[in-house]
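S.K.: This structure is in structure tokens; I'll ask about it shortly.
The values are calculated or read from the model by the stated rules, or taken from the named source; none is laboratory data. If you're wondering where the values come from, they're calculated on a predicted model, not measured in any experiment. Ideal geometry is used to build each Cβ from the backbone, glycine not excepted, and the neighbour counts take in all protein chains shown. Accessible surface is based on the protein model in full, side chains and every heavy atom, while ligands, DNA and RNA are left aside. Shrake-Rupley method; radii C 1.70, N 1.55, O 1.52, S 1.80 Å.
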Amino acid sequence: MIEMLSALKLELFHSKRSILKMLRCNAPFGSNTVGLEAATWRYLAKRSADLTWAEAAALAVLPNSPSLVFPGKNQELLRTRRDELP
């Protein structure tokens, strides 16, 4: 119930673009890496603007379980989850 009310509050007071920016800047990517820019530098040594579709998809699945799946650990599970994205 609390999460539902928090989501409603976000929707009422922020634009979709603003919500996505907050998520992009605060999402956990494992190993104390927070935010998309930090994750792209840490795991791929490049800017987020330079990501390929496959790299972006791989990073997209990391916040779901960053301690279990991240580049350098459980590569096959990471690849499987990336490939399952719609």
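S.K.: Among the residues of the stretch 69-82, are any of a type in the set (K, R) and modelled with pLDDT of 80 or more? Working first, answer last.
M.R.: Just the residues of the stretch 69-82 that are of a type in the set (K, R), to begin with: 73, 79, 81-82.
Filter once more, keeping what is modelled with pLDDT of 80 or more: none.
Checking the stretch 69-82: not a single residue is of a type in the set (K, R) and modelled with pLDDT of 80 or more.
S.K.: Quick check, is R24 without any contact (Cβ under 8 Å) to a residue 60 or more places away in the chain, more than 22 Å from D83 (Cα to Cα), open to solvent by 50 Å² or more (accessible area, probe 1.4 Å) and of a type in the set (K, R)?
M.R.: On the way: without any contact (Cβ under 8 Å) to a residue 60 or more places away in the chain: yes; more than 22 Å from D83 (Cα to Cα): no; open to solvent by 50 Å² or more (accessible area, probe 1.4 Å): yes; of a type in the set (K, R): yes.
No: the conditions fail for R24.
S.K.: Consider S31 carefully, then state whether it is open to solvent by 40 Å² or more (accessible area, probe 1.4 Å) and either modelled with pLDDT under 90 or closer than 23 Å to R79 by Cβ (or both). Show your work before the answer.
M.R.: On the way: open to solvent by 40 Å² or more (accessible area, probe 1.4 Å): yes; either modelled with pLDDT under 90 or closer than 23 Å to R79 by Cβ (or both): yes.
Taking the combined requirement at face value, the residue satisfies it.
S.K.: Got at least one residue in the stretch 41-63 being surrounded by 14 or more Cβ atoms within 10 Å (Cβ to Cβ), at pLDDT 90 or above and not in a helix (DSSP H, G or I)?
M.R.: There is at least one residue in the stretch 41-63 that is surrounded by 14 or more Cβ atoms within 10 Å (Cβ to Cβ), at pLDDT 90 or above and not in a helix (DSSP H, G or I).
S.K.: For the stretch 30-47, check the following and say yes or no: at least one residue is within 21 Å of D83 (Cα to Cα) and over 13 Å from the mean Cα position of the chain (by Cα). I'd like the intermediate steps shown before the answer.
M.R.: Going through the stretch 30-47, the residues within 21 Å of D83 (Cα to Cα) turn out to be 30, 36, 39-40, 43-44.
Pick out the ones that are also over 13 Å from the mean Cα position of the chain (by Cα) and you get 44.
Looking for residues that are within 21 Å of D83 (Cα to Cα) and over 13 Å from the mean Cα position of the chain (by Cα), one finds at least one in the stretch 30-47, hence yes.
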